[in-house]
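Taking it in order: structure first as structure tokens, then the write-up.
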Amino acid sequence: MGENVIDRGTMIRTIVLTLALINQFLTAFGLTKIPGTSDEQILVVSTIITSVTAIIAWFKNNYLTVKGKKQKEVLQKNDLTNAK
């Protein structure tokens, strides 16, 4: 599987860094800062990432797409699943 997957911690740190840089830019030009403390911002970002990850995992682990339904048929045909 040649997928390049970024781990959750790296993704959170990258997003928090981006928020910090945006906040610094806004502060430098006298504009409104991003509300909340650093911990609150991390909590919001973490919650968003967890929610998105959960939805993606649910979608990919259920046979909702045409491709997924074909995969389920192949698994059932070869008796490789408990789903009947």
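The numbers here are math on the coordinates, done by the rules we state, and not lab data. Keep in mind the model is a prediction, meaning the values are calculated, not measured. With ideal geometry, Cβ positions are generated from the backbone for all residues, glycine too; neighbour counts draw on all protein chains shown.
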| For the pair ARG8 and THR37, what calculated FRET efficiency results from E = 1/(1 + (r/R0)^6), where r is the Cβ-Cβ distance and R0 = 25 Å, to the nearest 0.05? | 0.70
| field | MRE, 222 nm, helices only [DSSP H, n ≥ 4, -39500 (n - 2.57), over the chain, to nearest 500] | value | -22500 deg cm²/dmol
| query | Of the trypsin sites (Lys or Arg not before Pro) in segment 1-75, which ones lie in a loop per DSSP and count no more than 16 other C-beta atoms within 10 Å? | reply | LYS33
| Contact order relative to length of segment 8-77, as percent, for alpha carbon pairs under 8 angstrom and 6 or more apart | 27 percent
